[in-house]
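Read the structure below first, then the notes.
The values are calculated or read from the model by the stated rules, or taken from the named source; none is laboratory data. The model shown is predicted, which means the values in this text are computed figures rather than measured ones. All Cβ positions, even for glycine, are placed from backbone atoms using ideal geometry, and neighbour counts span all protein chains on display.
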Amino acid sequence: MSVFALEPEQREWCDQLRKLAAERLRPLAEGGEPGRVNHALLAELGELGLLARAVTASASGAARKGGTGRALELCLLRESLAYSCPEAETALALQGLGTGPVAQAGTEAQRRRWLREAASGRAVAAFALSEPEAGSDAAALTLRADPEPGAAESGGAWRLTGTKTWISNAPDADFYSVFARTGEAPGARGISAFLVPADRPGLRGEPLAMLSPHPIGTLTFDGVPVTREDLLGEPGRGFGVAMRTLNLFRPSVGAFAVGMAQAALDASLAHAAERRAFGGVLRDLQSVSHQLAEMATRTEAARLLVYAAAAAYDREDEGIARSAAMAKLMATETAQYVVDAAVQIHGAVALRQGHLLEHLYREVRAPRIYEGASEVQRTLIAKELYR
């Protein structure tokens, strides 16, 4: 038995989540408008108490399920939802990512104002890091936070000027965790994090037409006013806030991918056992049975790497960045392989609109890019090996 085998109560919780997602969340997801926030789905996630688990995951002392650490709990939650309803998983994950800097580094007033609203689904959160020329190279961002003249006496005030793009939930979010250059030092050391409500003057958003069920957009900051009360953490230390948030969520991106891979594998097992061909069923063909074995082995390997990274995060081990990167890389690449193989086993029927695999085929591509593309994860892993 694996050292990462789940306890009976954890397996039971995952089974309950799969059932909830299929019975209560999937119908709401199917009724949503592509490219827009599904408020009914968010509200149901809040009513079930699931959003609260993602929204508070970054906070120290977050609630735990049966002794499960917060990172592992987040992975189990995301994997289970992804198996039955990827849209629900994505809605939950984006709330967690957008609120992560607030839960981790926000003031008591900021947490009180926004986290409860986000956990209920009444307020939509977004994580605004990427820019037109700073996607994978996040430390190269150029959004400026120019100090207001004479603001030092009042404790600090800035004007945000520049652009963010590829921002999930933009422009429909109610507030953004925004990372801007305040200039204390070059590179990553000169970046600060701010909580910016969507109704701030000078902030505009435009939707992007993307292959995505949720909104993705561009944000333009035209002298958007922020003060010290809007800071998340200390000036010049925002990059660390961003990376700590991503280190928590990267293994669970892998869990999202594993959930989709498992759904594709289970569909393929059922199809291969029933589909008749060449005088028998597909699973009797060695080429198909070996393909299924490969899919199952890679999925389980990815799952164990995800659980290991989450456990390392919960133990506060050294090398968390490396293990998180390995988990995201392996799981997202594996899911792409498994879903593609599942489509091949099913044949043309899997390409029909509305088929599970047609849906998964569209969903599985993006995780290899967001929160650090696969190439970035390999670069990070290599650097950590020589650290």
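Quick one: count up the residues across region 245-256 that are out of contact with any strand residue (DSSP E or B) (no Cβ under 8 Å at 6 or more places or on another chain), of a type in the set (S, T, N, Q) and buried (at least 24 other Cβ atoms within 10 Å of the Cβ).
1
Can residue 242 be described as of a type in the set (A, V, I, L, M, F, W, C), surrounded by fewer than 17 Cβ atoms within 10 Å (Cβ to Cβ), in contact with a strand residue (DSSP E or B) (Cβ under 8 Å, 6 or more places away or on another chain) and in a helix (DSSP H, G or I)? Step through it out loud before you land on a result.
Numbers: of a type in the set (A, V, I, L, M, F, W, C): yes; surrounded by fewer than 17 Cβ atoms within 10 Å (Cβ to Cβ): no; in contact with a strand residue (DSSP E or B) (Cβ under 8 Å, 6 or more places away or on another chain): yes; in a helix (DSSP H, G or I): yes.
The answer is no for residue 242.
Name the residues in region 245-293 that are in a helix (DSSP H, G or I), farther than 30 Å from residue 74 by Cβ and not hydrophobic (A, V, I, L, M, F, W, C), would you?
271, 274, 283, 284, 286, 287, 289, 290, 291
Can you spot a residue in region 277-296 that is within 18 Å of residue 254 (Cα to Cα) and surrounded by 23 or more Cβ atoms within 10 Å (Cβ to Cβ)? Let's see the steps before the verdict.
Initially, region 277-296 is screened for residues within 18 Å of residue 254 (Cα to Cα), giving 295-296.
Filter once more, keeping what is surrounded by 23 or more Cβ atoms within 10 Å (Cβ to Cβ): 295.
Yes, because at least one residue in region 277-296 is within 18 Å of residue 254 (Cα to Cα) and surrounded by 23 or more Cβ atoms within 10 Å (Cβ to Cβ).
Mind listing just one residue for me: the one in region 297-307 that is in contact with a helix residue (DSSP H, G or I) (Cβ under 6 Å, 6 or more places away or on another chain) and within 14 Å of residue 264 (Cα to Cα) and, of those, surrounded by the most Cβ atoms within 10 Å (Cβ to Cβ)? Even if it seems obvious, please write down each step before you answer.
Taking region 297-307 as the starting set, the residues that turn out to be in contact with a helix residue (DSSP H, G or I) (Cβ under 6 Å, 6 or more places away or on another chain) are 298-299, 302-303, 305-306.
Next cut, within 14 Å of residue 264 (Cα to Cα) only: 298-299.
On the way: 298: 20, 299: 24.
Applying the filter and picking the extreme gives 299.
If the requirement is being assigned by TED's automatic domain parsing to the domain that holds residue 330, over 19 Å from residue 10 (Cα atoms) and touching a Phe, Trp or Tyr at 6+ places or on another chain (Cβ under 8 Å), which of these qualifies: 248, 232? Break it down into steps so the answer makes sense when it comes.
Values: 232 fails: assigned by TED's automatic domain parsing to the domain that holds residue 330.
Result: 248 is the single residue among 248, 232 that is assigned by TED's automatic domain parsing to the domain that holds residue 330, over 19 Å from residue 10 (Cα atoms) and touching a Phe, Trp or Tyr at 6+ places or on another chain (Cβ under 8 Å).
Condition check ((1) under 30 Å from residue 73 (Cα atoms); (2) of a type in the set (Val, Ile, Thr); (3) modelled with pLDDT under 95; (4) part of a helix (DSSP H, G or I)) across all residues:
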{"residue": "299", "(1), (2), (3), (4)": "yes, yes, no, yes"}
{"residue": "305", "(1), (2), (3), (4)": "yes, no, no, yes"}
{"residue": "310", "(1), (2), (3), (4)": "yes, no, yes, yes"}
{"residue": "313", "(1), (2), (3), (4)": "yes, no, yes, yes"}
{"residue": "321", "(1), (2), (3), (4)": "yes, no, yes, yes"}
{"residue": "333", "(1), (2), (3), (4)": "yes, no, no, yes"}
{"residue": "341", "(1), (2), (3), (4)": "yes, no, no, yes"}
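Of the residues 300, 371, 316, 358, which is over 30 Å from residue 277 (Cα atoms) and more than 17 Å from the chain's Cα centre (by Cα)?
Values: 300 fails: over 30 Å from residue 277 (Cα atoms); 371 fails: more than 17 Å from the chain's Cα centre (by Cα); 358 fails: over 30 Å from residue 277 (Cα atoms).
Result: 316 is the single residue among 300, 371, 316, 358 that is over 30 Å from residue 277 (Cα atoms) and more than 17 Å from the chain's Cα centre (by Cα).
Kindly list the number of the only condition in (1) assigned to a helix (DSSP H, G or I); (2) of a type in the set (D, E, K, R); (3) in contact with a helix residue (DSSP H, G or I) (Cβ under 9 Å, 6 or more places away or on another chain) that fails for residue 317.
Of (1) assigned to a helix (DSSP H, G or I); (2) of a type in the set (D, E, K, R); (3) in contact with a helix residue (DSSP H, G or I) (Cβ under 9 Å, 6 or more places away or on another chain), only one is false for residue 317: (1).
Give me the residue from region 235-279 that is of a type in the set (Lys, Arg) and more than 22 Å from residue 330 (Cα to Cα) and, out of that set, farthest from the chain's Cα centre (by Cα). Can you show your working first?
Here is the first cut: in region 235-279, the ones of a type in the set (Lys, Arg) are 237, 244, 250, 275-276.
From what's left, more than 22 Å from residue 330 (Cα to Cα): 237, 275-276.
Values: 237: 22, 275: 36, 276: 39 Å.
Of everything passing the filter in region 235-279, 276 is farthest from the chain's Cα centre (by Cα).
Can you name the residue in region 115-135 that is surrounded by fewer than 22 Cβ atoms within 10 Å (Cβ to Cβ), free of Cβ contacts under 8 Å to residues at least 40 places away in the same chain and among the charged types (D, E, K, R) and, of all such residues, is nearest to residue 45 (Cα to Cα)?
Within region 115-135, the match that is nearest to residue 45 (Cα to Cα) is 116.
Does any residue of region 185-195 turn out to be at pLDDT 95 or above, out of contact with any Ser or Thr (no Cβ under 9 Å at 6 or more places or on another chain), closer than 15 Å to residue 228 by Cα and surrounded by 14 or more Cβ atoms within 10 Å (Cβ to Cβ)?
No.
Tell me which strands (runs of 3 or more DSSP E) are completely within region 152-216 and hold 3 or more residues being outside the structural domain of residue 366 (by TED's automatic domain parsing) and more than 17 Å from residue 102 (Cα to Cα), or say none if there are none. Reasoning before the result, please.
On the way: elements: 157-168, 175-181, 191-197, 203-207.
The strands (runs of 3 or more DSSP E) meeting that bar are 157-168, 203-207.
Please go through region 343-366 and give me each residue that is surrounded by fewer than 18 Cβ atoms within 10 Å (Cβ to Cβ) and either among the β-branched types (Val, Ile, Thr) or not in a helix (DSSP H, G or I) (or both), ordered by number.
Within region 343-366, 349, 352, 353, 354, 355, 365 qualify.
Going through region 224-283 one residue at a time, which ones are modelled with pLDDT under 95 and among the polar types (S, T, N, Q)?
245, 247, 252 - these are the residues of region 224-283 that are modelled with pLDDT under 95 and among the polar types (S, T, N, Q).
Let me confirm something: among 142, 182, which residue is closer than 14 Å to residue 236 by Cβ and either at pLDDT below 95 or crowded, with 24+ Cβ neighbours inside 10 Å (or both)? Before you say what the answer is, go through the steps one by one.
Details: 142 fails: closer than 14 Å to residue 236 by Cβ.
Only one candidate qualifies: 182.
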